[in-house]
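Q: Let me begin by handing over the structure; questions about it come next.
The values are calculated or read from the model by the stated rules, or taken from the named source; none is laboratory data. Note that the structure is predicted; figures quoted are calculated from it, not measured. In this analysis, Cβ positions are derived from the backbone assuming ideal geometry, glycine residues included, and neighbour counts consider all displayed protein chains. Remember, those area values only see protein heavy atoms, side chains included, never the ligands or the DNA or RNA. Shrake-Rupley method; radii C 1.70, N 1.55, O 1.52, S 1.80 Å.
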Amino acid sequence: MSATENLVTARTALDHLLLGVADLDRGITWVERMTGVKAVIGGSHPGAGTRNALIALGGKQYLEVIAPDPAQTAYNFHIDVRTLSKPRLITWAAVTTDISAVAKGARAAGHQIFGPRDGSRAKPDGKLLKWKTLAVLNNLGLQGVEPIPFFIEWATDSVHPSQDSPKGSELQSFEIEHPNPADVIGVLNKLGIEGKVKQAQNVRLTATLKTPLGKVQLS
């Protein structure tokens, strides 16, 4: 998918944003202070060493507050949030309904991929949330922030997290900054995403939210 008219904007492609925090309880408090919405515990990611809490962002989009899980002995999540001094947007997920097609397209565009692989976690009510993810290997991540999303396809029998997470906030815009914007745009385009990337010294993801406390920027 390379024709510009076939590209989906990053704002539309976005399934969820990942806000990295060193401590989940402190992260939940921080998000509530910023937005007026208290994130609900999602659950643990077995084997990854992380756990999360969520708030809905309108439509089928949400914010995932992701932190180390003290109940797990190994930490295998690809971004280390354990040493973060403050909450930070670390990466994002793009939604797909056909992850095999995304994998095929990414390989055809010359990218190495990781996946698709199955994922799941038990929700507090005991129900199992299931998905498949695909990562596109790249060297554009810097300072613990990954501007290229991973892709996620939710199982048809799983309720999307946006639907049963605390509501009240809405994603209004999503922006990417990078020292080499043309490189990021090139990769996004080959993955079917129209990315507007600003030139900046550091990599940064910025989300503007409409919240009960007014307009808020997370980065």
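Q: Taking K132 as the anchor, which lysines have their alpha carbon closer than 16 Å to its alpha carbon, excluding any fewer than eight residues away along the same chain?
A: K104
Q: Can you put H178, H111, H78 in order of accessible area, largest first, using a 1.4 Å probe?
A: Per-residue accessible area, sorted high to low, gives H78, H111, H178.
Q: Which links in K60/K190; K86/K130; K123/K190 stretch past 27 Å when you go from one Cα to the other? Write out the running numbers ahead of the final one.
A: Numbers: K60/K190 24 Å; K86/K130 30 Å; K123/K190 35 Å.
Checking Cα-Cα distances, K86/K130; K123/K190 exceed 27 Å.
Q: Relative contact order for segment 122-185 using alpha-carbon pairs under 8 Å, separation at least 6, rounded to a whole percent?
A: The value is 30 percent.
Q: Right, next: Less than 11 Å Cβ to Cβ from P87, Lys/Arg counted +1 and Asp/Glu -1: what total charge do the surrounding residues give?
A: Values: positive: R26, R33, K86, R88; negative: D23.
With Lys, Arg at +1 and Asp, Glu at -1, the net is +3.
Q: Radius of gyration and Dmax for segment 76-191's Cα atoms, expressed in Å?
A: In order Rg, Dmax, the Cα atoms of segment 76-191 give 15.6, 45 Å.
Q: Report, to one decimal in Å, the Kirkwood hydrodynamic radius for segment 1-108 based on all distinct Cα pairs.
A: 15.3
Q: If I take every Cα pair under 8 Å that is 6 or more residues apart in the chain, average their sequence separation and divide by the length, what percent do I get for the relative contact order?
A: Computed value for the chain: 25 percent relative contact order.
Q: Moving on to the next point. What does the accessible area of Y75 come to, in Å² to the nearest 10, when a probe of 1.4 Å is used?
A: We get 40 Å² for Y75.
Q: Taking just the C-alpha trace of the chain, give me its Rg and Dmax in Å.
A: Final numbers for Rg and Dmax: 16.4, 47 Å.
Q: Shifting gears a bit: Counting only other residues whose beta carbon sits under 15 Å from that of L19, what net charge do I get with K and R as +1, D and E as -1?
A: Its environment carries a net charge of +1.
Q: Still on this model: Rounded to the nearest Å, what's the spacing between the alpha carbon centres of segment 37-79 and segment 146-219? Just the number, please.
A: The distance from the Cα centre of segment 37-79 to that of segment 146-219 comes to 17 Å.
Q: Moving on to the next point. Segment 111-159: percent of C-alpha pairs farther apart than 15 Å? All intermediate terms of the calculation are to be shown ahead of the outcome.
A: On the way: 644 of 1176 pairs.
Of the Cα pairs, 55 percent sit more than 15 Å apart.
Q: Another question, if that's okay. Compute the relative contact order of segment 45-99 as a whole-number percentage, counting only Cα pairs closer than 8 Å that sit 6 or more residues apart in sequence.
A: Here the relative contact order equals 32 percent.
Q: Let me ask something additional. In whole percent, and with a 1.4 Å probe on the protein chains, what portion of the accessible area of the chain is carbon and sulfur?
A: Answer for the chain: carbon and sulfur cover 49 percent of the accessible area.
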